[in-house]
Structure formats: C-alpha cells, structure tokens
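Inspection log for the structure reproduced underneath, given as structure tokens.
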C-alpha cells in the first residue's frame, strides 16, 4: 500500500513526533507472542508508528513489578523489541508499579531503579508509567507520583516518557471505584512533570463514544501540554463489552490532530487480528492509506472468506452479542468460523465458544 501516514521522523524544529498506534493495555486473555511480533508489520502497513506493550495479564508489569521476568518471558520480550526495531515502528513498555506511591521509601526506590535498568536493556524508544486503575484518594497523590516520575526520568534511557494518571478521564466511574480525586490533582501533575513527558487521557469517558478537539482542550490546559489520547476502542475486556465484537473502523473522532494531541493510541480487543478493521479508522484519521486500499488490505490480511462472513455477521456481533444469541445460534456460528482457515476465523470461533473469559479486575466497563 501507498502510505501517507504520520511522520516517523523528528521534526526539524525539535518538536516531538506524533505517536499513532496501539497500546495493548487490556485485561483478560492477552495476545500470543507471535501476534505481537506480526503487529509490527500490520502497523507499518497502516502507516502507524507506535506500539506499547502493557497487557494487564503480565504480572511482572503490575502487581509483581518488583520481580524479574522468567527467562523464557524475558527472551520473548527481547525478541519483540528487536522485531520492532527492525520494522521502524516505535516500541515501548508500560510499567504499572501497583500503588507504589502509597509507600515509596529507600527499599522500594531501589527495586524500581533495578526494574528500570532491566527495561533499559531493551533499548526502548518509549517507556510508559501507568498509574491507572489504582487507589487514588490521598491528598498528596500528585506529589508522590511526581517523585516516582522524576526518579524514573533520571534512570531511564528511553527516548520518550509517557504517564497515565490515576484519574485519566472526567468519567465519574473512576471516583466510584478508586476514591475521590484529590483537589488540583491534574494541575499539580502538569506543573511538576517535565515539559517533554506525555500524559494519557481517554476522553470524557473511560470508553468514549466520540472525541473531538473541544473535548481535550480543557484537560490540555490543566496539564499544560497536549495529551496523548488513550482511545478505548475497540477494546472489549469489560463485563459487558467482552460479550461483543467491534469490527467497525474507528469513527467519531473529529478534528483531532497534532494541534490538540501529542499522540493517539487505540486499546484493541483481546482478539488481536479482529482488531485490525477498527485500526483502519485510526490510520485514516491521520492520513494513512485510502479507504479502497484499506479494504483491499483487510481482505488480503484476514482472508477473503472470513472477511465476507464477518461483514455479514458484524452487526449481530456488535449489537446482539453473545448474551443475545441462543446456544444453537452460537454453536452454528462457531462451527461456521471453525471451518474457515486463518487466525481471524479462529479468534471468532473462540469468542463464540466463550474462550475469552472476562477478568473481574476490569472494573470500568
């Protein structure tokens, strides 16, 4: 395909490159290692330039962050970093040191430095520090997180540092689950973070149906910088959303550009190959291939037979979902997709058979 996508090079003015790609940041069943590697080619084909590895299922990024990865898992992560380095797509890791800010003393600081130095071995272009979905109702939350961020910035060799705040949307559901947001939390972070640190934002809701330039203007003012949109589409890890598949291209993101954002990542579905149709909308938003080229690419990548069947069934998968189908209908559809070759068909059949189990740790459907 001919691609006129986001500029992958540093601008002559020194302005940071606009990041556009995928953040594997969902709960539940993660992607197989080979699919993560294949995504380097998929993203390149789509004219997208970034991939962040931070699945919630990796315990060594979250609740067991203090521990090193087992040898086989570390080898896979090294292979992943090498694959992206060869592809020209920027690779990053999202570290979620769970509730570290509640107790950040000498011992914890030593463990964190050791973890960052381990990640430095991957020669990461991108490093994200994610404080999402953690308790937050403490008055000095911003100050404690800033201390951690400043330490990481001094230790990390990554070219670019990103942060996800504990309160990453105006959505009141975050306070329902994680406590009241401290007064001036966003403003304190904005003042305290280095100017070149990017901040994630999901829009007016955790899963925003639409996002426009006006939606992010106010939060940009709070942080004193353009945010990076963590777009929770087509992600389907929630209790309700896990019962559906979202195959429409990303849409209803009007007037979004480098004028109001520093980047735009989509959080995909647990079904990685089936997330590709949604990502064509992200590619189109930032000057990627033409619509006809994207359609041809999907047919080629997913397979013509499964693409034809998915187009016929996508409305049922999105609007009716597993709970709206009776057992006979699910069984019939599962057998149909199981008879088709290829990973897209296999993911569809697996979803219909209930193989993608909801993780109750995901609280913000």
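Counting only helical runs of four or more DSSP H residues, what would the 222 nm mean residue ellipticity of the chain come to if each run contributes -39,500 (n - 2.57) and the total is spread over all its residues? Each step should come with its number before you reach the end.
Details: 13 runs with 145 residues, N = 365.
Result for the chain: -12000 deg cm²/dmol, rounded to the nearest 500.
Using a Förster distance of 51 angstrom, determine the FRET efficiency expected from the C-beta separation of residue 159 and residue 335, and round it to 0.05.
On the way: r = 48 Å, r/R0 = 0.95.
That pair, residue 159 with residue 335, gives E of 0.60.
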For segment 16-54 versus segment 118-154, the gap between their alpha-carbon centres in whole angstrom | 21 Å
Pairwise Cα inverse-distance average, inverted: Kirkwood Rh of the chain (Å) = 21.0 Å
Degrees, to the nearest 10: 304-315 long Cα axis against longest axis of the chain = 70 degrees
Least to most buried among 23, 148, 129, by other C-beta atoms within 10 Å and fewest first, runs 148, 129, 23
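Calculate, in nm to one decimal, what residue 312 and residue 35 gain on full extension: separation in residues at 0.36 nm each, minus their alpha carbon distance. Don't skip to the end; give the middle numbers.
On the way: separation 277, 0.36 × 277 = 99.72 nm, distance 2.53 nm.
The residue 312-residue 35 span can extend by a further 97.2 nm.
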Two-decimal log10 I(q)/I(0) for segment 67-106, as the Debye equation yields it once each C-alpha is a single scatterer, q = 0.30, 0.34 Å⁻¹ | -1.01, -1.11
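Contour minus end-to-end for residue 296 and residue 121, with contour as 0.36 nm per residue of separation and end-to-end as the Cα-Cα distance?
Going from the current span to full extension adds 59.1 nm.
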Which distance in nm do the two modelled labels at residue 255 and residue 355 give, with both placed 7 Å along the Cα-to-Cβ direction?
-> 4.5 nm
Kirkwood Rh for segment 298-352 from C-alpha pairs, in Å, is 11.3 Å
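Given an 8 Å cut-off on Cα distances and at least 6 residues of separation, report the relative contact order of the chain as a percent. Write down the numbers at each step before the final one.
Values: 643 pairs, mean separation 66.8, N = 365.
Across the chain, relative contact order equals 18 percent.
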Using Cα centres only, tell me the gap between segment 55-96 and segment 241-287 in whole Å.
-> 23 Å
Separation in nanometres of the label points that stand 7 Å from Cα toward Cβ, at residue 113 and residue 320 = 6.0 nm
On a 0 to 90 degree scale, rounded to 10, what angle separates helix 213-223 from the longest Cα axis of the chain?
-> 20 degrees
Note the direction-averaged projected area, equal to a quarter of the hull surface, for the Cα convex hull of segment 104-206, in nm².
-> 6.6 nm²
Between helix 106-120 and the chain: long-axis angle, C-alpha atoms, 0 to 90°, nearest 10 | 50 degrees
Residues 168, 42 arranged by fewest to most Cβ contacts within 10 Å = 42, 168
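Stretched out fully, how many nm does the piece from residue 195 to residue 210 gain, at 0.36 nm a residue minus the Cα gap? Mind dumping the intermediate values first?
On the way: separation 15, 0.36 × 15 = 5.40 nm, distance 2.78 nm.
Stretched out fully, the residue 195 to residue 210 stretch lengthens by 2.6 nm.
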Which order do 91, 265 fall in if you start with the one that has the fewest other Cβ atoms within 10 Å?
-> 91, 265
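Since every read-out is calculated from the coordinates, none of them should be taken as a lab result. Note that the structure is a prediction, hence the values are computed from the model and not measured. Heads up, the Cβs are rebuilt from the backbone with ideal geometry, glycines too, and the neighbour counts pull from every protein chain shown.
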